[in-house]
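Read the structure below first, then the notes.
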Amino acid sequence: MRPNMWAAAGVLALATLGTARATAVVGQLAPAFTAKDQDGHEVDLAKLRGKIVVLEWTNPDCPFVRRHYGAKTMSTLSNRFKDRDVVWLAVNSTSYMDAARDRTWRTEQGFAYPVLDDHAGTIGTSYGAKTTPHMFIIDRKGTVVYEGAIDDDAAGAEKSARNYVAEALDDVTAGKPVRVAETKPYGCSVKYAH
Amino acid sequence: MRLLAALAVLFAAVSASAEDPSPVDVRLVASTTTIEAGKQFEVGVLLHMRPGWHVYWLNPGDAGLPTSVRWTMPDGFTVGALRWPVPQRFEQPGGVVGYGYLDSALLGATVTAPATLTGEGSIPVRADVGWLACEKICVRGRKTLDVVLGRDADPAASAPGLFADWAKRLPIDPRSESAPATLTARGSVPADGTSGTVTVDIDWKQPPASVEWFPPDDPALDVQAAQSHTDGGRTRLTFQAKRLSGQQPKQPVLESVVAYSDASGVRHGLRVPVDLDGKET
């Protein structure tokens, strides 16, 4: 179209709204990464091939995360599956936090899994992590088999919520296809740098 | 011991960074405090946010939480659905999109009084309000508001001017006579979980100066490639969606809103319902 036709048309509003869903797509290989945890130890996703990996995008400042940590949602679940080859990794892509902050929070909350320092936002961006929490499950072959919310209760209003991650882990550890593979994640927006 | 207690209180107050005074003030208002049998009036919650803070729309976008209002009215009074003013769009880092309100928003509803008013004539109204307010960080808030209408009404509750102002910011129904456009929709989102494309053409009576679409969403849907293209008198909205396995959308018809500005720059809204089954709405 000629430029002056656009001008004559008055309003050019070709806008793609709402970004594409996670670039870590269910059914495809999970994006590779290496990162340092809160104690400076390196974690390489490729070296975890053969295990089931849960990635939990997190942010200690987010009320949704605090509510779940108050209820010990994540640590209970990670403990339940740790002897079944499930590796739980929290990822903190909050731009204004660092490993020291992650260390303090981990000690305060008393959970055992590592927190990967992604304050540069590289891993979050490669996965398309939008919210905290935002959950991804990767099977033994490195394929994403679940992506989305921790459960179906964003407002925290229900007495018992349907935990999609628990269900997906039950399926994957039993060698079955994941019943509910994709849900819409909820939470605060991931606080990437501007 | 008293000194220690006093110091403890001081430290608690000073270190309460997560417990700072709420960035959102809320007020319960009504279009009138005079209640007549069988007649309708409006109630609303006016939210006022500190500069830079926003709360969320019915569809919060990629993250956030919709603002919620739960009404409690005396027996015989019925309250209609909450009405949402046209939202604003926030583009957050990382391409995370949010929809909601900066500065202030009036969330209102129509109340119908019963055919006979019983009792002394004092009408207590309660609103339980919940929100997620975000600026650089997010803070959840909750407040229960009570006013009395009718006899011994709270004079501060009466705000007819407020309702009149905010009425202009409500999306117009496309079937109403004052609708600025006609809509034609095609396509559907199949029940079998395969992807479908939906297109809505908006034919404007007067070409708007700008158009912004707040697309529909539902936790049970994967909505992608929502696009809005305006060429003179027509805006074409398209999106692709598929139903996520094991989940059902809350409604077969999703709400979406097109915000448009007229020649004088005033922002209005048009309600654009989208029927997932492809029926005429």
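The values are calculated or read from the model by the stated rules, or taken from the named source; none is laboratory data. As the structure is a prediction and not an experimental result, all values here were calculated from the model. Cβ placement follows ideal geometry from the backbone for every residue including glycine, while neighbour counts extend to all protein chains displayed.
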Unmet requirement for B:THR182, which otherwise passes all of (1) touching a Pro at 6+ places or on another chain (Cβ under 8 Å); (2) surrounded by fewer than 19 Cβ atoms within 10 Å (Cβ to Cβ); (3) within 14 Å of chain A (Cβ to nearest Cβ): (3)
Provide a single number: the residues in the range A:107-134 that are over 15 Å from A:PHE33 (Cα atoms), more than 14 Å from every other protein chain (Cβ to nearest Cβ) and crowded, with 21+ Cβ neighbours inside 10 Å. 0
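Per-residue answers, yes or no, for (1) in contact (Cβ under 8 Å) with a residue 24 or more places away in the chain; (2) within 7 Å of another protein chain (Cβ to nearest Cβ); (3) surrounded by fewer than 24 Cβ atoms within 10 Å (Cβ to Cβ):
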{"site": "A:ASP170", "(1), (2), (3)": "no, no, yes"}
{"site": "A:THR173", "(1), (2), (3)": "yes, no, yes"}
{"site": "A:LYS176", "(1), (2), (3)": "no, no, yes"}
{"site": "A:THR183", "(1), (2), (3)": "yes, yes, no"}
List the strands (runs of 3 or more DSSP E) that sit entirely inside the range B:19-88 and contain at least 1 residues that are under 11 Å from the mean Cα position of the chain (by Cα), among the hydroxyl-bearing types (Ser, Thr, Tyr) and within 28 Å of B:ALA113 (Cβ to Cβ). B:68-72
Among the residues of the range B:129-151, write down those that are within 14 Å of chain A (Cβ to nearest Cβ) and loosely packed, with under 15 Cβ neighbours inside 10 Å. B:GLU135, B:LYS136, B:ARG142
Give the residues of the range A:126-169 that are hydroxyl-bearing (Ser, Thr, Tyr) and modelled with pLDDT of 95 or more, sorted by residue number. A:SER126, A:TYR127, A:THR131, A:THR132, A:THR143, A:TYR146, A:TYR164
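Let's see how each residue does on (1) buried (at least 23 other Cβ atoms within 10 Å of the Cβ); (2) within 14 Å of chain A (Cβ to nearest Cβ):
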site: B:ARG27; (1), (2): no, no
site: B:ARG50; (1), (2): no, no
site: B:HIS54; (1), (2): yes, yes
site: B:TRP57; (1), (2): yes, yes
site: B:ALA63; (1), (2): yes, yes
site: B:ARG70; (1), (2): no, yes
Residues being crowded, with 20+ Cβ neighbours inside 10 Å and among the small types (Gly, Ala, Ser): count how many of those fall in the range A:66-83. 1
Could you tell me which residue of the range B:89-118 is farthest from the other protein chains (Cβ to nearest Cβ), considering only residues that are among the charged types (D, E, K, R) and assigned to a strand (DSSP E or B)? B:GLU91
Report whether or not A:VAL26 is under 30 Å from B:LEU237 (Cα atoms), within 14 Å of another protein chain (Cβ to nearest Cβ) and surrounded by 17 or more Cβ atoms within 10 Å (Cβ to Cβ). yes
Quick check on the range A:148-168: of everything there that is free of Cβ contacts under 8 Å to residues at least 12 places away in the same chain and more than 7 Å from chain B (Cβ to nearest Cβ), which residue is surrounded by the fewest Cβ atoms within 10 Å (Cβ to Cβ)? A:LYS159
Has the range B:186-194 got any residue that is of a type in the set (Val, Ile, Thr) and in contact (Cβ under 8 Å) with a residue 40 or more places away in the chain? yes
Does the range B:229-243 hold any residues that are closer than 15 Å to B:VAL257 by Cα, among the polar types (S, T, N, Q) and surrounded by fewer than 23 Cβ atoms within 10 Å (Cβ to Cβ), and which are they? B:THR238
Taking the options B:ASP165, B:ASP146, B:ASP128, name whichever one is acidic (Asp, Glu), under 30 Å from A:SER189 (Cα atoms) and either assigned to a loop (DSSP other than H, G, I, E, B) or out of contact with any helix residue (DSSP H, G or I) (no Cβ under 6 Å at 6 or more places or on another chain) (or both). B:ASP128
Looking at the range B:189-231, which of its residues are part of a loop (DSSP other than H, G, I, E, B), of a type in the set (Val, Ile, Thr) and facing chain A (nearest Cβ under 7 Å)? none
Please count how many residues of the range A:141-167 are of a type outside the set (Val, Ile, Thr) and part of a loop (DSSP other than H, G, I, E, B). 14
Modelled with pLDDT under 95 and over 19 Å from the mean Cα position of the chain (by Cα), is that true of B:GLY161? no
Say we look at the range B:232-257 and pick out the residues that are among the hydrophobic types (A, V, I, L, M, F, W, C) and facing another protein chain (nearest Cβ under 10 Å); which of these is nearest to B:PRO87 (Cα to Cα)? B:LEU237
Do we find that A:HIS41 is within 14 Å of chain B (Cβ to nearest Cβ) and either under 15 Å from the mean Cα position of the chain (by Cα) or at pLDDT 95 or above (or both) in this structure? no
Restricting the range A:84-104 to residues that are among the hydrophobic types (A, V, I, L, M, F, W, C) and not in a helix (DSSP H, G or I), the one surrounded by the most Cβ atoms within 10 Å (Cβ to Cβ) turns out to be A:VAL91
